[in-house]
Structure formats: C-alpha cells, structure tokens
1. Would you mind checking the radius of gyration and Dmax of the range 1-132 based on alpha-carbon positions, in Å?
2. May I ask you to list the GluC sites (Glu not before Pro) in the range 13-71 that are in a DSSP loop and have at most 16 other Cβ atoms within 10 Å of their Cβ?
3. Fewest first, what order do R184, R15, R224 take by the number of other Cβ atoms within 10 Å?
4. For the range 158-325, just the Cα atoms, rotate onto the principal axes and tell me the three extents in Å, largest first.
5. So what's Rg/Rh here for the range 7-71, counting alpha carbon atoms and using the Kirkwood radius for Rh?
6. In the range 264-320, if every C-alpha pair distance is counted and binned at 5 Å from zero, what percent goes to each bin?
7. Compute the FRET efficiency between R324 and E260 as 1/(1 + (r/R0)^6), taking r as their Cβ-Cβ distance and R0 = 22 Å, and round to the nearest 0.05.
8. Using a 10 Å cut-off around each Cβ, can you sort C83, C197 from fewest to most neighbouring Cβ atoms?
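FYI, it's all coordinate maths here, none of it is from the lab. Values in this document were obtained by computation on a predicted structure and should not be read as measured data. Methodologically, a virtual Cβ is constructed for each residue, glycine included, from the backbone with ideal geometry; neighbour enumeration extends over all protein chains shown.
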Amino acid sequence: MKEKILLSYGSGGKRTLEFINNFVLKYFSNEVLNQLLDSAVVKISDETKLAFTVDSYTVSPIFFPGGDIGKLSICGTINDLLCVGAHPLFISLSLIIEEGLEVEVIEKIFSSIKEIAYSENIKIVTGDTKVVQKGMCDKIFITTAGIGIVDNNIDLNYDKIKPGDVVIITGSIAEHGCAVLLARGGYGFKSDIQSDCASLKGLIEAILKPEIVPYIKFMRDPTRGGISAVLNEIVNKSNVSIEIEEEKIPIKDNVKYFCELLGFDPLNIANEGKMLIIVSSSIAEEVIKILKQHHLGKDAAIIGRIIKDDEPKVILKTLFGTKRIVELPIAEELPRIC
C-alpha cells in the first residue's frame, strides 16, 4: 500500500520531525534551513541580518475564548521572529476563504489583525486572497510570513546551549490548547479558560539588552506539542539533557483540572503566548526579574536546567519526587489547534 499523509504529520511532534527529515530536508537541504529554527536568519551584509518566517493557521473553531484565527496568525508570526531575537517589521497575509463565509466574519478577523499590528508598529505589506467552493475549505485558512531585523550581537541557536544553563518559561502553560478544545463543545460543562494568545514583542524586547544578550542561548515559543516538544528538540539538537521540575512549572488550576479530567498531559498542550528561554545560570534571576515587570511575564519561572548526559533526554522530576522521561509526542493530542 502506498504511504499517505496523516494528520499527525502536521502535529509538531515526532511525526512532524520525521516528515521534515524524510521529505523537506531530502529535497531542500541547505545551511539555513537545516538549523530548523522558528525563523530563518540570513546575513545579507556585514551590518545586517534578516529574520524570515512563515506559518499557516487552520484553527477550529476560528473564534475561541481569548482570540480568533486573525489574532493567532499575527501573534504567532511576531513570536516566531522574536525567537531568534529579531525586531519584527513586516508581515504578509494570505487567505484561503470558503465560498459563502459571512463578510462580517472577515471584518472581525481583520480587526483583530489590525489591532495587534497597530499596537506593535508592524505593517501588513503584501498578501493574496483565494476563494474556494463551499466544502473545499473550513471557513478560512490564513498563511502569514514575517520579516524582521536581527542585531549583529544576537546569535541564538541550539549550539549555544551548555550544561549548567537554566530553562525559563515566561508564564503558565497549556491554556491555548484547552481553550480551543472547550470552544469545540460537547463536554457538558463550561470553564473560564482563556487562550494565552498574545504578541510577546514587549516582553522579549525587554530582555534583549546589550548586557543580557550574550547570556541568552536560545528561545522558542512552545506552540504545537507544548513544552515537551520544544525541550525534546533542544536535547536532540544540542546533545545535552534537560531536567525540569513539575512543581516549578506554572499552570493555572482550571487548566490543570481540565487536563486531569480528560487525561491530557499539559506538557504536550499548545501555548500561543509563552516563550521558553535558555539562559546562563549567572543571569537567570535578572531575566526573571525583568520578565515579571511585564504583565505577560508575571508568572515567569525557572523550571529546569541543562545537564550533561551520555544519552540526551528530557527528565521530569514529579511532585512525588520520582523521575520520568518526557518523550517527544508522536502526534498532537489536539489537532487543528493553531
């Protein structure tokens, strides 16, 4: 039987990594793409580095507590640029719209995009629109690309990570995935869980100070696959192990109870307004102090550390004092979450 594409290939977990290695890199391998960062960083002159990223959004439903597909698309692109320390400047907006979608829906989505773009001083400079027959698309899909400038003194990558570095998360986890799942309905109860969807521009630029930048090793927003996917990517790329402590990972009670009720591991659930940051231990407390001064970083916490190990892996120290291996998710527990 011929191999076919599965939903799990787009999950951000183990199957996605297999797809990238077996197909994408097989045909398009180059020194920039092979880094597999959230944004490509390209040096175009001795003075200038550009960051370039692209992402597609198919979230269902398109409106959910705390956001919508428009807010999600622009915030996601901004945050991907921030992952490499870029200053976001320009975004493209490409739409695939299902025939028959109410114009009012487009107005609401565009209003969300405009609000974020205006507040972050980012311009939508190009785009494209396609309309397909009813039933050929689920309401609307959005693809955004973003361009930003990276200072020459900023160089964030997997190879910077060393034993002794610490792991920081900028806030409580798993809110976006749970909010979208609740918006789909069918659970017989209501919850006040809101998506954490947000642009992290102000938060991250606050720590990109000249005196701090040399001690920041790596950043990644833990979207599909949650923090477990990002941590596993780090250990696989950096040839180190990471030990995290469950009691130090911030999670809101309503999210924790919802995950327990449905049997979800919050480590695997998508976030859309958090950043996972690896820094030198010597600067960690200073970074936490700066993050906590911003409303999006008030729950920032040091959740683990980088350790030397013969076999790279992610280790979770549980609330009971035991330890377990955190595996890279095979597939996303909640498909079409972003």
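1. Just the Cα atoms of the range 1-132 yield Rg and Dmax of 17.1, 53 Å.
2. Qualifying residues, ordered by number: E31, E47.
3. R184, R15, R224
4. 50, 37, 25
5. Rg divided by Rh gives 1.09.
6. Cα pair-distance distribution for the range 264-320, in percent: 4, 13, 20, 22, 21, 15, 4, 1.
7. The computed FRET efficiency comes out at 0.85.
8. C83, C197
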